[in-house]
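Participant: Dropping a structure here in structure tokens format, bear with me for questions.
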Amino acid sequence: MPLNILYYAIPVFVILLSIEAWFTYKENKHPYETKDTFASLGLGIGNVLTGFVTKSIIWGLFSFLYQFRIFTLDDSKWWFWLLLFLSDDFSYYWFHRTSHHVNYFWASHVVHHSSLHYNLAAALRQTWTGNATGAFLFWAWMPLVGFNPLWVLFMQQISLIYQFWIHTETIQKMPAWFEFIFNTPSHHRVHHGSDLKYLDKNHAGILIIWDRLFGSFKKEEERPQYGLTRNIESFNPAVVAFKTWQILFTKAFKSGSLKNGLNYFLQPPGWSHDGSTKTTKQMKKEALSNQ
């Protein structure tokens, strides 16, 4: 197993979180809510604990796939690190975008969007089921083309560490050139917004250029309303981690047919066989027709 540098970053996360909490309290700018913060911390701890098992399995699978690699990429070359970075970030973009368009992946990812607040604590609000249900498959191509699994998992951690700092309202805008290339607090606030115009936008990990290239970019206008279109309404980490899965299975079993049941997992969030709930696309279409 590779060294998990993410664990070494945790003390830094806690220090920065504490500074932000003090600053927002002092300035009375959207201060931290105690129950919400502890829910985020609980979900973060659960993610670390489940990661001990799931990361070992992924390491084993990627090592197995690496035996069948098409190329052997030389990590002593400068271009290897550029390719590794771009490949990981590209994979993250499509994983993240898919997680907002396929209920099966959204049931895990929804955890990260479940807070009504946007702060560094929310960055720690991570899934307990993501890797166990196949999120890692979006990176499985990398060992097959010649990236050593050691570096694949290493770069995933670099991406997560980068994404911590963008979960803040303390920083408004970065320089224009930085905003054009990289994911920033402004771009990611849009992603966490539950406003209709902000839904399913800005899926970037580190580079916002993927959103610009693939049509999912949205510039921040007014301050977003955070949370979900239907909030989970609980500060219990276990409820937040599993409630959407419970809802999906319940609706699938009561849907009346195998096709409908499968669609609850394969269709976008909000899909329903009887039209009782709507997807983002349906809501936007309805809003346009009412204008």
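Participant: Identify, by number, the condition in (1) part of a loop (DSSP other than H, G, I, E, B); (2) farther than 27 Å from L228 by Cα; (3) free of Cβ contacts under 8 Å to residues at least 40 places away in the same chain; (4) not β-branched (V, I, T) that W177 doesn't meet.
Facilitator: Failing condition for W177: (1).
Participant: Hey, among the residues in the range 89-118 that are within 11 Å of the chain's Cα centre (by Cα) and among the β-branched types (V, I, T), which one's surrounded by the most Cβ atoms within 10 Å (Cβ to Cβ)?
Facilitator: Looking at residues that are within 11 Å of the chain's Cα centre (by Cα) and among the β-branched types (V, I, T), I get V111.
Participant: Restricting attention to the range 87-100, does a residue exist that is farther than 20 Å from N4 by Cβ, part of a loop (DSSP other than H, G, I, E, B) and in contact with a Pro (Cβ under 9 Å, 6 or more places away or on another chain)?
Facilitator: Yes - at least one qualifying residue is present in the range 87-100.
Participant: Go through (1) in a loop (DSSP other than H, G, I, E, B); (2) of a type outside the set (G, A, S); (3) in contact with an Asp or Glu (Cβ under 6 Å, 6 or more places away or on another chain) for D200 and report which single condition fails.
Facilitator: It fails just one condition, (3).
Participant: Out of the residues in the range 1-36 that are part of a loop (DSSP other than H, G, I, E, B) and modelled with pLDDT of 85 or more, state the one that is surrounded by the most Cβ atoms within 10 Å (Cβ to Cβ).
Facilitator: We begin by selecting, within the range 1-36, every residue part of a loop (DSSP other than H, G, I, E, B); these are 1-4, 28-33.
From what's left, modelled with pLDDT of 85 or more: 32-33.
Working: Y32: 20, E33: 16.
Among those residues, the one meeting the criterion is Y32.
Participant: I've got another one for you. Which residue pairs have Cβ atoms under 6 Å apart, sit 6 or more places apart or on different chains, and have a first residue in the range 16-39 that is free of Cβ contacts under 8 Å to residues at least 40 places away in the same chain and a second that is part of a helix (DSSP H, G or I) and of a type in the set (V, I, T)?
Facilitator: Every condition considered, the pairs that remain are P31/T24.
Participant: Scan the range 255-276 and give yes if some residue there is over 25 Å from L160 (Cβ atoms), touching a Leu at 6+ places or on another chain (Cβ under 6 Å) and touching a residue at least 40 places away in the same chain (Cβ under 8 Å), otherwise no.
Facilitator: Scanning the range 255-276, I find at least one residue that is over 25 Å from L160 (Cβ atoms), touching a Leu at 6+ places or on another chain (Cβ under 6 Å) and touching a residue at least 40 places away in the same chain (Cβ under 8 Å), so the answer is yes.
Participant: Residue check: is T244 closer than 30 Å to H30 by Cα, touching a helix residue (DSSP H, G or I) at 6+ places or on another chain (Cβ under 6 Å) and surrounded by 12 or more Cβ atoms within 10 Å (Cβ to Cβ)? Give the derivation first.
Facilitator: Working: closer than 30 Å to H30 by Cα: yes; touching a helix residue (DSSP H, G or I) at 6+ places or on another chain (Cβ under 6 Å): yes; surrounded by 12 or more Cβ atoms within 10 Å (Cβ to Cβ): yes.
Yes; evaluated as a whole, the condition is true for this residue.
Participant: Only one of (1) surrounded by fewer than 17 Cβ atoms within 10 Å (Cβ to Cβ); (2) closer than 22 Å to F265 by Cα; (3) not hydroxyl-bearing (S, T, Y) is not met by L86, so which one is it?
Facilitator: (2)
The values are calculated or read from the model by the stated rules, or taken from the named source; none is laboratory data. Keep in mind that this is a model prediction, so the values were computed, not measured. Using ideal geometry, Cβ is built from the backbone for each residue, glycine included, and neighbour counts are taken over all protein chains shown.
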